[in-house]
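Report on one structure; see the data block that follows.
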């Protein structure tokens, strides 16, 4: 890996880890069906976080379940046609669009402020996991361990940064996909320059999806992610 200092700050954006619903909604995790439960990025709020508070690494975690409000979606997202927009609507809706959009707008404002207030050389890491089982977003999950996604615009990290990230994960024996099975990375419209990269980890690496329990792989992967932050902040 290159030894130059790449970024001054890392912002960990964790949008899909929560199983909680707002009290006013009247819904809870027990109301989700099996397909909907596969969409939650269990434990990613813990997995991607440093073990101890550290300088130059901060997190923004959305506190509610994505089935109530998906802050990763776009306004007028194409997935709205499948009931998977900002406000999910399948067999029934867990929220109204106005309820979801209020939370959506507030969270986007908080993340945008965090980016603007950072030092000026910032990497936003869009932190996700994906199911190893067929699900609403991927009916045929590929045999990928780690997915790295980025946008084809000014938020894309430099080529050598992406290449180094790929080599880092491959050094542990992981099979890495580039914008596969998911593509792009979350961005926020702010008047400062920053980079954004998505890291999606296969749930089989750190948890038992049927029991919804962490496995021994959780600690291993967590330590590897911390080592990656060290490199990106050198």
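Since every read-out is calculated from the coordinates, none of them should be taken as a lab result. Keep in mind that what you see is a predicted model, and the values were worked out from it rather than measured. Counting neighbours? That spans all protein chains shown, and the Cβs are built from the backbone with ideal geometry, glycine included.
Give me the tail of P(r) for the chain as a percent: Cα-Cα pairs with distance above 25 Å. When every Cα pair of the chain is considered, 39 percent fall beyond 25 Å.
Sequence gap at least 6, Cα distance under 8 Å: using those rules, report the relative contact order of the chain to the nearest whole percent. Intermediate values should be presented prior to the final figure.
Working: 415 pairs, mean separation 59.0, N = 234.
Result for the chain is 25 percent.
Under the Kirkwood approximation for Rh and a Cα-based Rg, what ratio Rg/Rh is obtained for the stretch 153-200? Can you show the working numbers first?
Numbers: Rg = 12.1 Å, Rh = 12.0 Å.
Checking Rg against Rh, the ratio lands at 1.01.
The helix-based estimate of mean residue ellipticity at 222 nm for the chain, built from -39,500 (n - 2.57) per DSSP H run of four or more residues and divided by its residue count, is -7500 deg cm²/dmol to the nearest 500. Rounded to the nearest 10 degrees, the angle from helix 217-232 to the longest Cα principal axis of the chain is 50 degrees.
Note on residue 133 and residue 180: their simple-model spin labels are 2.6 nm apart, each label 7 Å out from Cα toward Cβ. Relative to the longest principal axis of the Cα atoms of the chain, the long axis of helix 97-117 lies at roughly 10 degrees.
In a Gaussian network model over the chain where Cα atoms closer than 10 Å are linked, find which of 172, 62, 101 has the largest mean-square fluctuation. Of the options given, 172 has the highest mean-square fluctuation.
What number results when the radius of gyration of the stretch 146-234, computed over Cα atoms, is divided by 2.2 N^0.38 Å? Could you put the intermediate results ahead of the total?
Working: Rg = 14.3 Å, N = 89, 2.2 N^0.38 = 12.1 Å.
Computed over Cα atoms of the stretch 146-234, the ratio equals 1.18.
For the stretch 67-147, the equivalent ellipsoid derived from the Cα gyration tensor has semi-axes of 25, 22, 9 Å, listed largest first.
Here the Gaussian network model covers the chain, with springs between Cα atoms less than 10 Å apart; of 112, 185, 87, 112 fluctuates the most. Once the Cα atoms are used to define both axes, helix 159-170 deviates from the longest principal axis of the chain by about 80 degrees. Label separation (residue 81 vs residue 24): 3.3 nm, computed from points 7 Å beyond Cα along the C-beta direction.
The separation of the stretch 40-57 from the stretch 164-225, counted between C-alpha centres, amounts to 12 Å.
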